[in-house]
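Enquirer: Input: one structure, supplied below.
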Amino acid sequence: MSVPVVGIPAAVEQVRWRAWDQVVNLAPRTYPAAIQRAGALATILPPDDRAVDDPASWLDRIDALLLAGGADVDPRAYGAEPDPSVSGTWPERDRFELALARGAVDRGQPVLGVCRGMQLLNVALDGTLEQNLPDRLGSDRHRHTPGAFADHEVRLEPGSLAERSIGAERTAVKSHHHQGVAELGEGLLASGWSVEDDVIEAIERPGEEFVLGVLWHPEEDERSRVIGALVEAAG
């Protein structure tokens, strides 16, 4: 039996290490580690504008797509002007991931979006984002400390893909975000919500084998079954 391959589009960031200060493609090691624990191979995909016209060249080489967390999605990707809170956008990353997400959904390939990746998945299917949740919530409880995860609880719709992937109707999660879903993308339904404030924490596309977005970071919890569910769908 062949081992499934999960592609992780790489982030684009300005990074300093040792004597160097350069723009790099990167992915936190927790993502490939979670994929490897689930029995699959992980491959990092650097942004390439050729995917806008030909996503199949990348998707043909992988069995599933994991859209990782990271910088804010450029609001211009969903027809909005940036809020002052939006920062660190990399349009070339957005273009690449939007093309892969749309292509994967169109061909029925398993897709998991994590944090920014859930937001990107929503935008790929013509949804929009709430650019700064603290403006509505009155606090930054989902990203209380830069560089540290916020712990809270999420409730899942019984019988949903999210609930089946997690294995329970409630779960403790680790979050680090200031944006969320506004208008849901085409065919998407909300299937998870923050217990504390009802922020949409999971979205999915019923009728597809595996199209799921979660606003938290399952790769940071070795007990989480979410990435394992993606790998199982890719097998």
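The values are calculated or read from the model by the stated rules, or taken from the named source; none is laboratory data. All of these numbers come straight from a predicted model, not from anything done at the bench. Backbone-built Cβ (ideal geometry, glycine too); neighbour counts: all protein chains shown. These area figures cover heavy atoms from the full protein model, side chains too; ligands, DNA and RNA do not enter into them. Shrake-Rupley method; radii C 1.70, N 1.55, O 1.52, S 1.80 Å.
Enquirer: How much of the DSSP beta bridge set in the chain is antiparallel, as a percent to the nearest 5? Please list the in-between numbers first.
Expert: Working: 26 of 40 bridges.
If we restrict to bridges inside the chain, about 65 percent are antiparallel.
Enquirer: For the chain, which whole-number percentage of the solvent-accessible area (1.4 Å probe, protein heavy atoms only) is attributable to carbon and sulfur atoms?
Expert: Working: 5100 of 10910 Å².
About 47 percent, which is the carbon plus sulfur part of the accessible surface.
Enquirer: What whole number of Å gives the distance from the Cα centroid of the range 156-213 to the Cα centroid of the range 49-105?
Expert: Cα centroid to Cα centroid, the span is 20 Å.
Enquirer: Apply the Karplus curve 6.51 cos²θ - 1.76 cosθ + 1.60, θ = phi - 60°, to the phi angles in the range 201-209 and return the couplings in whole Hz, x for Gly and Pro.
Expert: Result, ordered by residue: 10, 8, 10, 7, 10, x, x, 9, 4 Hz.
Enquirer: About the Cα centre, and with charges only on the beta carbon of Lys, Arg (+1) and Asp, Glu (-1), how big is the dipole of the range 1-87? Nearest 20 debye, please. Could the numbers behind the result be given before it?
Expert: On the way: 7 positive and 12 negative charges, 115 e Å.
Computed about the Cα centre, the dipole is about 560 debye.
Enquirer: Let me ask something additional. May I have the pair-distance distribution P(r) for the range 1-147, computed from all Cα-Cα distances with 5 Å bins from 0 and rounded to whole percent?
Expert: Going out from 0 Å in 5 Å bins, the range 1-147 shows 2, 9, 18, 21, 19, 15, 10, 5, 1, 0, 0 percent.
Enquirer: Oh, and also: Springs between alpha-carbon pairs under 10 angstrom, Gaussian network model over the chain: which of Ala64, Ala19, Ala101 fluctuates most?
Expert: Ala19
Enquirer: Over the residues of the range 1-86, compute the C-alpha Rg and express it relative to 2.2 N^0.38 Å. Don't skip to the answer; put the middle values down first.
Expert: On the way: Rg = 15.5 Å, N = 86, 2.2 N^0.38 = 12.0 Å.
Dividing the Cα Rg of the range 1-86 by 2.2 N^0.38 Å gives 1.30.
Enquirer: I've got another one for you. From the helices alone, meaning DSSP H stretches of at least four residues, give me the mean residue ellipticity at 222 nm for the chain, per-run term -39500 (n - 2.57), in deg cm²/dmol to the nearest 500.
Expert: The per-residue figure over the chain is -6500 deg cm²/dmol.
Enquirer: P(r) of the range 170-235 in 5 Å steps, Cα pairs, percent per bin?
Expert: 4, 15, 26, 24, 21, 9, 1, 0
Enquirer: What is the packing order of peptides 104-113, 177-186, taking the mean over residues of other C-beta atoms within 10 Å and listing the highest first? Walk me through the numbers on the way to the answer.
Expert: On the way: 104-113: 20.9, 177-186: 18.4.
Most protected by this proxy first, the peptides run 104-113, 177-186.
Enquirer: Okay, next question. How much accessible area per residue does the chain have, in Å², with a 1.4 Å probe? Before the final figure, lay out the partial values.
Expert: On the way: 10910 Å² over 235 residues.
Result: 46 Å² per residue.
Enquirer: Semi-axes, largest first, in whole Å: what does sqrt of 5 times each Cα gyration tensor eigenvalue give for the range 101-235?
Expert: Working: eigenvalues 99, 60, 33 Å².
Taking √(5λ) for each Cα gyration eigenvalue gives 22, 17, 13 Å.
Enquirer: Let me ask something else. At R0 = 30 Å, how high is the FRET efficiency between Asp197 and Arg18 if r is their beta carbon distance? Nearest 0.05 is fine.
Expert: On the way: r = 42 Å, r/R0 = 1.40.
So the FRET efficiency works out to roughly 0.10.
Enquirer: With a ≥ b ≥ c taken as the square roots of the eigenvalues of the C-alpha gyration tensor of the range 137-177, please select rounded if a/c is under 1.5 and otherwise prolate if a/b is larger than b/c or oblate if it is not? Don't skip to the end; give the middle numbers.
Expert: Working: a/c = 3.45, a/b = 2.34, b/c = 1.47.
It comes out prolate by the Cα gyration axes.
Enquirer: Run the numbers for Asp54 and Arg29: contour at 0.36 nm per residue of separation, minus the present Cα-Cα distance, in nm.
Expert: Values: separation 25, 0.36 × 25 = 9.00 nm, distance 2.80 nm.
Stretched out fully, the Asp54 to Arg29 stretch lengthens by 6.2 nm.
Enquirer: Report the FRET efficiency, 1/(1 + (r/R0)^6), for Val5 and Ala71, where r is their Cβ-Cβ distance and R0 is 22 Å, rounded to 0.05.
Expert: Details: r = 25 Å, r/R0 = 1.14.
Rounded to the nearest 0.05, the efficiency is 0.30.
Enquirer: Now a separate question. Sequence-distant or interchain residues sharing an amide H contact under 5 Å with Gly113, placed H: which?
Expert: Leu67, Leu212, Gly213, Val214
Enquirer: If the viscosity is 0.692 mPa s and the temperature 37 °C, what Stokes-Einstein diffusion coefficient in µm²/s follows for the range 79-124 when Rh is the Kirkwood radius over Cα pairs? Mind dumping the intermediate values first?
Expert: Values: Rh = 11.6 Å.
Result for D is 284 µm²/s.
Enquirer: Now, a different point. Can you tell me which of Arg18, Arg223, Arg37 moves the most in a GNM of the chain? Springs connect C-alpha atoms under 10 Å apart.
Expert: Arg18
Enquirer: Relative to the compact-globule scaling 2.2 N^0.38 Å, provide the ratio for the alpha-carbon radius of gyration of the range 116-158.
Expert: Working: Rg = 12.7 Å, N = 43, 2.2 N^0.38 = 9.2 Å.
Working it through for the range 116-158, the quotient is 1.39.
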